[in-house]
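Q: The following block contains the structure, expressed as structure tokens.
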Amino acid sequence: MPKLYLASASPRRHQLLQQLSISCEVLHADIDETPRPKELPEDYVQRLAMEKAKAVYATLRIAPYVEKPVAFLVLGADTAVVLEQQIFGKPEHAEDAHNMLRQLSGCRHQVMSAVTLLESREQAQNLPLIHQALNVTTVQFRQLNNTEIDDYIATGESFGKAGAYAVQGFAATFIQSLHGSYSGVMGLPLFETANLLQKAGFNLLPSK
């Protein structure tokens, strides 16, 4: 079975893969996450998932510790919170987090999570096979007051999270309804991820 590399430093994505008993090696992909002018949110998350995977794939191809030929997979993912086509990434500071949560308060928004899986191959100038998927989940927040928002930000959960909240943390009390993928809101939609891995020959269930 090919070795899997996760092109993300997110502990939540690693945790979700561990939930499926999937073993992987984590390699951080350092890319520019700035949205392009007039870039649609769905295009944005898919582009970043692809760029993360390609960055790690390129590193593995030239790394001395990777013997060739070798079968490996690189999984890249990206998540954005979207309100009326406005992309909410990770807040830079408390004021930024407050502004995001203030806008999400009482509103229905989307969480878009894109997954890219690159499958190594020896032919075609070592270009990988590409598998992609996009998950879109709708989340409804209840009305929040400023004290609640500030108290939540003080927990530290807002930072490093798209939209300044973590569905698996205290922010679960903000969510009136969620239609779609809970794991997708966490950052890695497991249904889509499992499908891509299976297409690439990765065995998810332990053999008897």
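Q: Any idea which of (1) under 19 Å from Val167 (Cα atoms); (2) at pLDDT 90 or above is the one Ser10 doesn't satisfy?
A: Of (1) under 19 Å from Val167 (Cα atoms); (2) at pLDDT 90 or above, only one is false for Ser10: (2).
Q: Could you grab me the full set of residues in segment 75-130 that are under 14 Å from the mean Cα position of the chain (by Cα) and under 16 Å from Ala200 (Cα atoms)?
A: Leu75, Gly76, Val115, Thr116, Leu117
Q: Could I ask something else about it? If you scan segment 145-169, which residues turn out to be surrounded by 13 or more Cβ atoms within 10 Å (Cβ to Cβ), more than 14 Å from the chain's Cα centre (by Cα) and in a helix (DSSP H, G or I)?
A: Listed by number, the residues that qualify are Glu148, Ile149, Asp150, Tyr152, Ile153, Ala164.
Each row is one residue, and each column tells you yes or no for (1) open to solvent by less than 60 Å² (accessible area, probe 1.4 Å); (2) touching a residue at least 60 places away in the same chain (Cβ under 8 Å).
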residue	(1), (2)
Pro11	no, no
His14	yes, no
Gln18	no, no
Asp30	no, no
Thr34	no, no
Glu39	yes, no
Glu42	yes, yes
Met50	yes, yes
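Q: Within segment 183-206, track down each residue that is of a type outside the set (A, V, I, L, M, F, W, C), surrounded by 15 or more Cβ atoms within 10 Å (Cβ to Cβ) and touching a Pro at 6+ places or on another chain (Cβ under 9 Å).
A: First pass over segment 183-206, keeping only residues of a type outside the set (A, V, I, L, M, F, W, C): 183-184, 187, 189, 192-193, 195, 198-199, 201, 203, 206.
Checking which are surrounded by 15 or more Cβ atoms within 10 Å (Cβ to Cβ) leaves us with 183-184, 187, 189, 192-193, 195.
Of everything in segment 183-206, just one residue is of a type outside the set (A, V, I, L, M, F, W, C), surrounded by 15 or more Cβ atoms within 10 Å (Cβ to Cβ) and touching a Pro at 6+ places or on another chain (Cβ under 9 Å), namely Ser183.
Q: I need the full set of residues from segment 120-144 which are modelled with pLDDT under 95 and open to solvent by 40 Å² or more (accessible area, probe 1.4 Å), in order please. Give the steps one after another, and end with the answer.
A: Our first condition is that a residue be modelled with pLDDT under 95; within segment 120-144, this holds for 120-131.
If the condition is that a residue be modelled with pLDDT under 95 and open to solvent by 40 Å² or more (accessible area, probe 1.4 Å), then Arg121, Glu122, Gln123, Ala124, Gln125, Asn126, Leu127, Leu129, Ile130 are the ones that fit.
Q: Here's a follow-up. With segment 1-116 as the region, which strands (runs of 3 or more DSSP E) entirely inside it contain at least 3 residues that are in contact with a Phe, Trp or Tyr (Cβ under 8 Å, 6 or more places away or on another chain)? Before the answer, list the steps.
A: On the way: elements: 3-6, 72-83, 86-88.
Those strands (runs of 3 or more DSSP E) span 3-6, 72-83.
Q: Now a separate question. How many of the residues in segment 171-181 are surrounded by 14 or more Cβ atoms within 10 Å (Cβ to Cβ) and out of contact with any Pro (no Cβ under 9 Å at 6 or more places or on another chain)? Break it down into steps so the answer makes sense when it comes.
A: Kept after step one, since they are surrounded by 14 or more Cβ atoms within 10 Å (Cβ to Cβ), are these residues of segment 171-181: 171, 174-175, 178, 180-181.
With out of contact with any Pro (no Cβ under 9 Å at 6 or more places or on another chain) added as a condition, the list becomes 171, 174-175, 178.
Looking only at that region, the number is 4.
The values are calculated or read from the model by the stated rules, or taken from the named source; none is laboratory data. Please read these numbers as outputs of a predicted model, since none were measured by experiment. As a convention, Cβ positions derive from the backbone with ideal geometry for all residues, glycine included, and neighbour counts pool all protein chains shown. These accessible areas exclude ligands, DNA and RNA; they are computed on the full protein's heavy atoms, side chains included. Shrake-Rupley method; radii C 1.70, N 1.55, O 1.52, S 1.80 Å.
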